[in-house]
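A short reminder: the numbers here are calculations on the coordinates, not readings from a lab. Note that the structure is predicted; figures quoted are calculated from it, not measured. Positions of Cβ are backbone-derived with ideal geometry, glycine not excepted, and every protein chain shown enters the neighbour counts.
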Amino acid sequence: MTRIVYVNGEYLPEDQAKISVFDRGFLFADGVYEVTSVLDGQLIDFEGHSKRLERSLGELDMVSPVTMEDLLGIHRELVHRNDVTEGMIYLQITRGADADRDFVFPDPETVPSSIVLFTQSKNLADSPAAKVGMKVISIEDIRWGRRDIKTVQLLYPSIGKMMAKKAGKDDAWMVEDGFVTEGTSNNAYIVKDGKIITRHLGNEILHGITRATVLRFAREAQMEVEERSFTIDEAKTADEAFITSASTFVMPVVEIDGVALGDGTPGPVASRLREIYLDESRKVAV
Ligand code: PMP
């Protein structure tokens, strides 16, 4: 089955979908994105993702080519046309294709933003990795200072992932001034004496949609949550650790820089939060 993608107002087979070589997403990484997961053919945390998209666009003075209401319809149409029961929908909006390559932003009145959405079918809920947990390394965080905006500038996170793979591990946690910021494509958490600790919000990390939902569920389940910075050394002495993201939900971390956490298997807090997140999110999926 050929995948149907959405490009600038049209639903097209993927091999017929085209974007200009002058698109600023391609030339300048001048674009933002969102990833929304699909379970049982329904969208998880859609409202959070569309609100963050609006914020990212606003922070970069970009104009959305579609209304936020239209976006839900486009997501659903792609799920339907591609028969996705489980997986992700990737959305990207860029500042469009100017007549030439120019550092100056084009006038949004004459150069419309580009929008692309596509689906990726994948088993997410029944993940083998969730049963064994992930091993991470720490690397220096050398990204720009506005990590709260979900831009498509993902070269360094991609390099970080490669550094982890080369070391025989699964992912990297980024560290700035000794403190963990986040994973290459996820938010980072540790658990000590039953307390869930994760970095406070700010420009230094992406405000994860899964993070917000998981922390709400944790508090509703009477679990103690502390939003503060923690060092990589503190992380290595934690009882357990985990990450969150739209495509991994809650994923246990069992090793940091070669140091096993607890008994080196997924911890009870991470496992319970994963279960709660999956159960509760399915109930309110759209
Ligand atoms: N931090 C970074 C750097 C990310 O790339 C992501 C996922 N895109 C996250 C955190 C998690 O965000 P979310 O839960 O909204 O997927």
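A few remarks follow.
- Per-bin percent of Cα-Cα distances, the range 204-283 [10 Å]: 17, 49, 31, 3
- Multiplying each eigenvalue of the alpha-carbon gyration tensor of the range 80-223 by 5 and taking the square root yields semi-axes of 31, 21, 18 Å, largest first, rounded to whole angstroms.
- Cut-off under 5 Å, modelled amide H: who pairs with W173 long-range: I137, S138, I139
- Cα centroid separation - the range 221-276 against the range 69-120, whole Å: 34 Å
- Taking every Cα-Cα distance in the range 1-129 and sorting them into 5 Å bins from zero, the calculated P(r) comes out as 2, 10, 20, 21, 19, 14, 8, 4, 1, 0 percent.
- Taking amide H positions as modeled 1.01 Å from N, with prolines and chain starts lacking one, no residue 5 or more places away or on another chain lies under 5 Å from D23.
- Summing +1 for each Lys or Arg and -1 for each Asp or Glu among the other residues whose beta-carbon sits under 12 angstrom from that of L215 gives 0.
- With respect to the chain, whose longest principal axis is taken over its alpha-carbon atoms, helix 155-166 is tilted by about 40°.
- To the nearest ten degrees, helix 209-220 and the longest principal axis of the Cα atoms of the chain are 40 degrees apart.
- Across the range 3-9, coupling constants 3J(HN,Hα) worked out from phi with the 6.51/-1.76/1.60 Karplus curve, θ = phi - 60°, read 6, 9, 10, 10, 9, 6, x Hz, and Gly and Pro carry x.
- Derived scalar couplings between HN and Hα for the range 275-286 equal 5, 4, 4, 5, 4, 5, 5, 4, 5, 10, 5, 10 Hz in order, rounded to whole Hz, by the Karplus curve 6.51 cos²θ - 1.76 cosθ + 1.60 (θ = phi - 60°), x for Gly and Pro.
- In the chain, the calculated helix contribution to ellipticity at 222 nm averages -8500 deg cm²/dmol per residue, counting -39,500 (n - 2.57) for every DSSP H run with n ≥ 4.
- Its Kirkwood hydrodynamic radius, worked out from the mean inverse distance over all distinct Cα pairs, puts the range 57-162 at 17.2 Å.
- Between 0 and 90 degrees, the angle of helix 46-59 with respect to the longest Cα principal axis of the chain falls at about 70 degrees.
- Under Karplus coefficients 6.51, -1.76 and 1.60, residue-wise ³J(HN,Hα) of the range 15-23 in Hz, glycine/proline x: 7, 10, 7, 9, 10, 5, 5, 8, 4
- Mean Cβ neighbour count within 10 Å, used as a protection proxy, ranking 248-256, 70-78 highest first: 248-256, 70-78
- The range 132-286: projected area of the alpha-carbon convex hull, averaged over directions, in nm²: 8.8 nm²
- All distinct Cα pairs of the chain go into the 1/r average, and the inverse of that average, the Kirkwood radius, is 19.8 Å.
- Here's the list of lysines a cross-link from K161 could span, going by alpha-carbon distance under 27 Å and ignoring same-chain residues fewer than 8 apart: K122, K131, K135, K150, K169, K192, K236.
- Scanning residues 5 or more positions from A246 or on other chains, those with amide H under 5 Å from its amide H are T210, with H placed 1.01 Å from N in the peptide plane.
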